[in-house]
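Novice: My questions will all concern the structure given below.
The values are calculated or read from the model by the stated rules, or taken from the named source; none is laboratory data. The structure displayed is predicted, hence computed values, not measured ones. A quick note on method: Cβ atoms are made from the backbone with ideal geometry, for glycine too, and the neighbour counts reach across all protein chains shown. Quick note on the areas: whole protein, heavy atoms, side chains included, nothing else; ligands and nucleic acids left out. Shrake-Rupley method; radii C 1.70, N 1.55, O 1.52, S 1.80 Å.
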Amino acid sequence: MLEIVADVMHCDKHEITDVEMLKKGMTNRTFCFTYNGNKLLLRIPGEGTDKLIDRRREAEVYHVIAGRGLCDDVVYIDPERGYKITRYLHGVRNADPTSADDVRRCIEKLRGFHEMKLTVGHEFDIYGQIDYYEQLRCGTPSVYADYEETKRRVLSLRSYIGSHRGQFCLTHIDAVPDNFLFTTDSNGNEELQLTDWEYAGMQDPHVDIAMFCIYSGYSRESIDSFIDLYFDGACPDDTRIKIYCYISACGLLWSNWCEYKHMFGVTFGEYAQIQYDYAVDYSRIAEEMIGIV
């Protein structure tokens, strides 16, 4: 870790102090350190991440969102190796998906970001990524006996999404509670930012609604409440069904992602099962609502 920081900061590793691992997350490892009197964070990509993330695309996203109040500006990012250095934020806490006030503020932040209608030169293709993560298993069958049937139902919803999807814009893709960070400013006021833009790309912004809900483990009632808050109680029925379709597709997406990461000894336990269950349950719910037999 010291060698990495010394290399990207062009300094001697003895100038780097107070090194501490903060977390080993689902995708990366994060270290805290002090250099030149400043407390900084270093992100190091985790096992197999080079197959999952295009770091050049990520760097493009950070360039587009810089200075827009969405997240802290990046101090350094390596588009080849994926190393990223940002300023350390004091008094940070993640959003609580069970807190009504936190959820309201996350929705306001998310909706404000979507309304910016930012653009980048690449798309996040949900169905393409489902197939890609599946292929990364190199022929190893899914752990789920009904995987092929579930995938068939998820894919059956693709045409409905295609005919109802919203205008594409820069979409976070991984807009989950853990990536909404509340920070405390010098006056003791809480500010909110959205971090970890690794998967971001052009997509229907309503995908972010689905992602927040499935990571939170929401029931259908809670999902509908989230949708109603985002749309100020005025969500058209066809848009709600479309979001259910996204929930099924995104559940399968992250289920395949978990199965690939499992090949490297990285397991996610209940989270992996929950994602697959969303694919199963909401593909059935959406098919029934659309009238697919």
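Novice: In square angstrom, what is the accessible area per residue of region 202-288 with a 1.4 angstrom probe?
Specialist: Numbers: 3010 Å² over 87 residues.
Using a 1.4 Å probe on heavy atoms only, each residue of region 202-288 averages 35 Å².
Novice: How would you rank 219-230, 198-209, 244-255, 259-270, highest first, on the average number of other Cβ atoms within 10 Å across their residues?
Specialist: Working: 219-230: 16.1, 198-209: 23.4, 244-255: 27.4, 259-270: 14.2.
Highest to lowest by the protection proxy: 244-255, 198-209, 219-230, 259-270.
Novice: What part of the accessible area of the chain, given as a whole %, is carbon or sulfur when the probe is 1.4 angstrom?
Specialist: Numbers: 6300 of 13480 Å².
It is 47 percent, rounded to a whole number.
Novice: Also, quick follow-up: Looking at the chain as a GNM with Cα springs under 10 Å, which of Ala175, Ala272, Ala145 has the largest mean-square fluctuation?
Specialist: Ala145
Novice: On full extension of the chain, what length is gained from Arg81 through Thr184, given 0.36 nm per residue of separation minus the C-alpha to C-alpha distance? It would help to have the intermediate numbers written out before the result.
Specialist: Working: separation 103, 0.36 × 103 = 37.08 nm, distance 3.14 nm.
Net length gain for the segment: 33.9 nm.
Novice: Right, here's the next one. Distance between the C-alpha centers of region 157-187 and region 39-87? Whole Å please.
Specialist: Their Cα centres are 18 Å away from one another.
Novice: Springs between alpha-carbon pairs under 10 angstrom, Gaussian network model over the chain: which of Val61, Val154, Val120 fluctuates most?
Specialist: Judging by the Gaussian network model, the answer is Val120.
Novice: Roughly speaking, what is the stretch gain from Ala234 to Asp131, that is 0.36 nm per residue apart minus the C-alpha to C-alpha distance, in nm to one decimal? Mind dumping the intermediate values first?
Specialist: Details: separation 103, 0.36 × 103 = 37.08 nm, distance 3.42 nm.
Result for the pair: 33.7 nm of gain on full extension.
Novice: Put +1 on the Cβ of every Lys and Arg and -1 on every Asp and Glu Cβ in the chain; which of Gly69, Ile247, Ala200 then has its Cα farthest towards the positive end of the dipole?
Specialist: The one lying farthest along the dipole's positive direction is Ala200.
Novice: Tell me, what is the per residue accessible area of region 52-113 in Å², probe radius 1.4 Å?
Specialist: 50
Novice: Follow-up question, since we're still on this one. Tell me the mean residue ellipticity at 222 nm calculated for the chain from its helices only (DSSP H runs of n ≥ 4, each -39500 (n - 2.57), averaged over every residue, nearest 500). Walk me through the numbers before you get to the answer.
Specialist: Numbers: 10 runs with 130 residues, N = 293.
Computed mean residue ellipticity for the chain: -14000 deg cm²/dmol.
Novice: Using only the alpha carbons of the chain, determine the length spanned along each of the three principal axes and report them from longest to shortest in whole angstroms.
Specialist: Sorted largest first, the three principal extents are 66, 47, 34 Å.
Novice: Too long at a 19 Å Cα-Cα cut-off: which of Lys84/Lys117; Lys51/Lys261; Lys39/Lys109; Lys51/Lys242; Lys84/Lys261?
Specialist: On the way: Lys84/Lys117 25 Å; Lys51/Lys261 10 Å; Lys39/Lys109 26 Å; Lys51/Lys242 29 Å; Lys84/Lys261 21 Å.
Pairs exceeding the cut-off: Lys84/Lys117; Lys39/Lys109; Lys51/Lys242; Lys84/Lys261.
Novice: Give the residue list of GluC sites (Glu not before Pro) in region 1-91 that are DSSP loop and have at most 11 other beta-carbon atoms within 10 angstrom.
Specialist: Numbers: sites: Glu3, Glu15, Glu20, Glu47, Glu58, Glu60, Glu80; in loops: Glu47, Glu80.
Sparse-neighbourhood loop GluC sites (Glu not before Pro): Glu80.
Novice: Filter the chain for me: DSSP H helices, axial length by Cα at least 27 angstrom, mean Kyte-Doolittle hydropathy not below -0.5. List them by residue number. Can you show the working numbers first?
Specialist: Numbers: long enough: 237-262 (37 Å, -0.29); 270-290 (29 Å, -0.48).
Both cut-offs are met by 237-262, 270-290.
Novice: Now, a different point. Can you work out the FRET efficiency for the pair Arg104 and His14, with r the C-beta to C-beta distance and R0 = 51 Å, to the nearest 0.05?
Specialist: Numbers: r = 47 Å, r/R0 = 0.93.
Calculated value: 0.60.
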